[in-house]
Amino acid sequence: MNIDFELIITLLTLVSGAGWLLDRFWLRRRRREQLAAGKIDSDQPSRPIEYAVSFFPLLLLVLVFRSFLFEPFKIPSGSMQPTLLIGDFIVVSKFSYGLRLPVLHTVLIETGEPERGDVFVFRSVEQAGVNMVKRVIGLPGDSITYRNKNLYVNGELQPQELVAPWIGEGVNRNLPGTRPELRTEHLGDLEHSILIHPRRLDPGSQSWTVPEGYYFALGDNRDRSHDSRGWGFVPEQNLVGRAERIWMHWDCARGFCIDVSRIGDKIR
């Protein structure tokens, strides 16, 4: 079961805000009048109104912060290895691709669009309430081809360089019998790391043309990522934000649960 925290926080803010407004413009004055008339002994609000007045500022602050500024996310899978690892906690800038209303996701102010190479978070096109993180590969109008584990953008090969065998640690360790390779891919002017599993069969040449208003997304762990090659394109209205930094890494399988070496790393 997926919990929609955005919806929960929005509803709590609306309910507590309604209580705050009711108290501010009617109940408070009514209590004072009743107190002056000797009908009540105290002007203290009822328990529900007291809770609403107390929690509304905090809930509003949280809602504004996570809806328009930054939101934390946890990486649950290895589809973005080696860039992001299972157990990474990342912070996403919500204002990078437009300021959007919570829940409705309607753009209020245009602030920017995804660029090729961005690591971005978006709502899944397959499962409601599920967020995914991948890398932007194709922009609207681009032609994308994936052939022999190589990427072509608008007919141009994006070169790869072998760096070394990749051996994960802790919960990110390699599956038995796998020998992934760490490579550097040149995606236009951007250099970033990817994983390739040479032993995994290549599905053959695949090509796509990205429609207007959509984006093509791939995981950096190319042979172990469920991405646009399987479920299609990311609609503009599904964008959540750009992944900026790692603020914590939690992996007790390594002996020490918190890996301080990754804290603060910029996501490239």
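FYI, it's all coordinate maths here, none of it is from the lab. Because the structure is predicted, anything quoted here is derived from the model rather than measured. Glycine gets a Cβ as well: all are built from the backbone with ideal geometry, and neighbour counts include every protein chain shown.
The table below gives the values:
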| item | result |
| --- | --- |
| Estimated 222 nm signal from helices in the chain, with DSSP H stretches of n ≥ 4 weighted -39500 (n - 2.57), rounded to 500 | -5500 deg cm²/dmol |
| Cut-off under 5 Å, modelled amide H: who pairs with residue 241 long-range | 121 |
| Average silhouette area of segment 148-242, convex hull of alpha-carbon atoms, in square nanometres | 7.5 nm² |
| All-pairs Cα distance distribution in segment 1-158, expressed in whole percent, bin size 5 Å | 2, 7, 12, 14, 14, 12, 9, 7, 6, 5, 4, 3, 2, 2, 1, 1, 0, 0 |
| Over the chain, equivalent-ellipsoid semi-axes from the Cα gyration tensor in Å | 47, 22, 14 |
| Ranked 83, 184, criterion: other C-beta atoms within 10 Å, fewest first | 184, 83 |
| Dipole moment magnitude, nearest 20 debye, segment 5-69 about Cα centre, only Lys, Arg, Asp, Glu C-beta charged | 200 debye |
| ³J(HN,Hα) computed for each position of segment 252-264 - Karplus, 6.51 cos²θ - 1.76 cosθ + 1.60, integer Hz, glycine/proline x | 6, 5, 8, x, 9, 5, 9, 9, 6, 5, 9, 5, x |
| In order through segment 147-159: 3J(HN,Hα) via Karplus (6.51 cos²θ - 1.76 cosθ + 1.60), integer Hz, x for Gly, Pro | 9, 6, 6, 10, 9, 10, 10, 6, x, 9, 5, 9, x |
| Given charges at Cβ of Lys, Arg, Asp, Glu: segment 95-175 dipole, positive-most of 131, 155, 174 | 174 |
| Footprinting exposure proxy for 134, 39, 74 (fewest neighbouring C-beta atoms within 10 Å first) | 39, 74, 134 |
| Hydrodynamic radius (Kirkwood) for segment 5-69, which is based on Cα pairs only, to one decimal in Å | 12.8 Å |
| For the chain, size of Cβ-based charge dipole, Lys and Arg +1, Asp and Glu -1, in debye | 780 debye |
| Cα-centre dipole for segment 159-243 with unit charges at Cβ (Lys and Arg positive, Asp and Glu negative), debye to 20 | 420 debye |
| Rel. contact order, % - alpha carbon contacts under 8 angstrom, at least six apart, segment 75-262 | 30 percent |
| In Hz, Karplus ³J(HN,Hα) per residue of segment 7-13 (6.51, -1.76, 1.60; θ = phi - 60°; x = Gly, Pro) | 5, 4, 5, 5, 5, 4, 5 |
| Order by protection proxy (mean Cβ within 10 Å, highest first), peptides 224-233, 26-35 | 224-233, 26-35 |
| Computed over segment 164-268: relative contact order in percent, which uses C-alpha pairs under 8 Å that are six or more apart | 19 percent |
| 80, 248 arranged by Cβ crowding within 10 Å, fewest neighbours leading | 248, 80 |
| Residue 25/residue 164 FRET efficiency (R0 51 Å; Cβ-Cβ; nearest 0.05) | 0.15 |
